[in-house]
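Worksheet: the structure to be examined is printed underneath.
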Amino acid sequence: MVFLIIRLAPRRPARAIRSSESDHSSDPAPVRILFPRFAIYCKWRLTHLTMLNNGKHENGHHDTLRQWSTAARWEGITRLYTPEDVARLSGTVAIEYTLARMGAERLWNMLHTESYIPALGALTGNQAVQQVQAGLKAIYVSGWQVAGDANVSGQMYPDQSLYPVNSVPTLVRAINNAFQRADQIHHSAGRNGTNWFAPIVADAEAGFGGPLNAFELMKSMIEAGAAAVHFEDQLASAKKCGHMGGKVVVPTSEFVQKLIAARFAADVMGVPTLLIARTDANSAGLLLNDIDQRDKPFLTGTRTPEGFYGFRGGIDAAIARGLAYAPYADLIWCETSEPNLSEARRFAEAIHARYPGKLLAYNCSPSFHWKKKLDDTTIAKFQKDLGAMGYKFQFVTLAGFHALNLSMFQLARDYAASGMTAYSHLQEQEFASARDDGYSAIKHQTFVGTGYFDEVAQTISGGKSSTTALKGSTEEAQFAFVPGGKCASGEMPPCGMEGQC
C-alpha cells in the first residue's frame, strides 16, 4: 500500500492556456510504479489527485498548466478551460480507470513508434480476443456494427444513431471483460507472452446530442475502458453512416464545442484518452445553419423544407474543418467515399502544412468496392502508402460484421446440403489452424475459462473439489492438444491430429 501525504495551501489563481505557450521551468521526472506485468506512469495522475481538494494544492494548478504547455503528450492541444475548472468539477473521490489509462498510453506510444496501426472492427468480445491472438495490436468498435447487431435494445438498426446511447460503452466493456478472462486463463497457466489488453478505439457517433451529451458519453467510454474515442460533425438527430446520403453537418463552431466537452470529460476523469475528430464534410450536402463564418464559402444559397442550408461538400470543405478541429483533437479523420490516395495526400498535406506531425486516421471501409476502385498492387501497398502520409490509425470498420455473416452463411449453406459433413469440414479447418497458427477456440471449453474456474474451485476447496468440469470432459478426451501441434502430457490423443502432434 502506498500512502500520499499532501500539504494543502491557499488556492492560486489559474488561467486558460494553449499548449503552444512556453514554460522554461523544469518538468519533474515521472513517478513509476512497477507491477508484475505492466508499469503505470502516474505523474500526471498524481498531479490530478492533488487538485481534487477544491483546487487547494500549492503547486497543483501550476504543475498542470506546465504539463499542458510542455509535455509531449499535449503538444498542439488547445484547452479553453483551466486546471481549476477541472478540479472544481471532478468531485472529491479520485477513481482510477486503469484499462482506459493503460490503453490510452499504449496506443499513444504505438502511434509514435510504428509506421501505422491497423485494426479491424470487432462485434463481440470473442472476436476481439481472436484479433489479439492473431497479432493485431488495437481494436476498433464501430457504431455501425453496434447498430446492426450489438446494441442493448436488441434491435437490428441502420447506422442512424437509433440505438441507445450506452450501447457502444457496453460493447467496449464486454470486450475488456473478454480480454481480462483471456489474461486470467493464460496467466494461471504460466503463459504471459501476450498483452491481451489491446487499446480499444470506440465510436461516439455525433455525440447523441449537444456538448453535455458528448461530455457524458465520453465519461461512459472511459468507464468502460476505451483508449480512444471519435466524434463526427454530423447533426446528431439526422446522423447517417458516412457512406449514406442525406448527411447534415453542424456549424464548425458547434462541433468544436463537442470536442472541448469530450476533452474536458477526459480531464475530469483523469485519463489521457485520445480524441479523434471526424469530418463528414467531404460528402455532406446540407448544413444545420449559417452561424459560423468559416462555413460561408461552402453555402450554395439554397434551403430545404426542413430549414437546412445547402452545403457544397468536398475535399476543400473537409480540409477547412480538419484545420479547425486540429487544435482540439489528437487525430483527424476525413470520411471519404472511395479509397483514393491522391485525395488522402491532399488532405494530409493541407493539415500538416499548418499542424506539422498531426496524427491522422483513415477508414479502409468495406463500403468501398476495393477491386473495382484499385488494382491488386495498389491495394497491397495502400496502407503502407497511407502510413507514410501520416495516417497512423487505419481500420476496417465492419470487418466483424462481414466475417461473421459470410462464415455463417457458408457453413449454413453447406450444412443444408450435406449435413454433418459440412461441420466436420469446418472442424478440420480449426484443427489445421490450431496446429499451424495457434488458433485456440477449437477447445471451446478451455477458451472461455472452464479450466480457470476449475483452478478457482480447487483453491477454494483446498484441492479436494470433486466437481471440476474439464476432467472427464469430451474436450479433455478428444481435444487434448495445445496450440502449435503439441500433445498434452506426451500422449497421442484421439484429437483428429494423429501423426501431426
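If one computes the Cα centroid of the stretch 93-108 and of the stretch 153-232, what distance in Å separates the two points?
That distance is 13 Å.
Mind checking which lysines have their C-alpha under 18 Å from LYS443, skipping anything on the same chain fewer than 8 residues away?
Straight-distance partners of LYS443: LYS471, LYS486.
Going from most exposed to least, what order do THR378, THR98 have by accessible area with a 1.4 Å probe? Present the calculation step by step, with values, prior to reporting the outcome.
On the way: THR378 30, THR98 55 Å².
Per-residue accessible area, sorted high to low, gives THR98, THR378.
In debye, nearest 20, what is the charge dipole magnitude of the stretch 231-286 about its Cα centre with +1 on Lys and Arg Cβ and -1 on Asp and Glu Cβ, if you could check? Write out the running numbers ahead of the final one.
Working: 6 positive and 5 negative charges, 27 e Å.
My answer is approximately 120 debye.
May I ask for the net charge around ASN166, where only other residues with Cβ less than 15 Å from the Cβ of ASN166 are counted and Lys, Arg are +1 while Asp, Glu are -1?
Values: positive: ARG173, LYS219; negative: ASP203, GLU205, GLU216, GLU223.
That sum, taken over residues with Cβ under 15 Å, equals -2.
Report the far tail of the P(r) of the stretch 354-442, meaning the percent of Cα-Cα pairs longer than 16 Å.
Working: 2793 of 3916 pairs.
Tail fraction, whole percent: 71.
State which entries of LYS137/LYS239; LYS137/LYS384; LYS219/LYS240; LYS137/LYS219; LYS258/LYS358 exceed 27 angstrom in Cα-Cα distance in the structure shown.
Values: LYS137/LYS239 30 Å; LYS137/LYS384 16 Å; LYS219/LYS240 23 Å; LYS137/LYS219 24 Å; LYS258/LYS358 20 Å.
Among LYS137/LYS239; LYS137/LYS384; LYS219/LYS240; LYS137/LYS219; LYS258/LYS358, the Cα-Cα distance tops 27 Å for LYS137/LYS239.
The values are calculated or read from the model by the stated rules, or taken from the named source; none is laboratory data. Values in this document were obtained by computation on a predicted structure and should not be read as measured data. In this analysis, Cβ positions are derived from the backbone assuming ideal geometry, glycine residues included, and neighbour counts consider all displayed protein chains. For the accessible areas, the whole protein counts, side chains as well, though only heavy atoms, and no ligand, DNA or RNA atoms are used. Shrake-Rupley method; radii C 1.70, N 1.55, O 1.52, S 1.80 Å.
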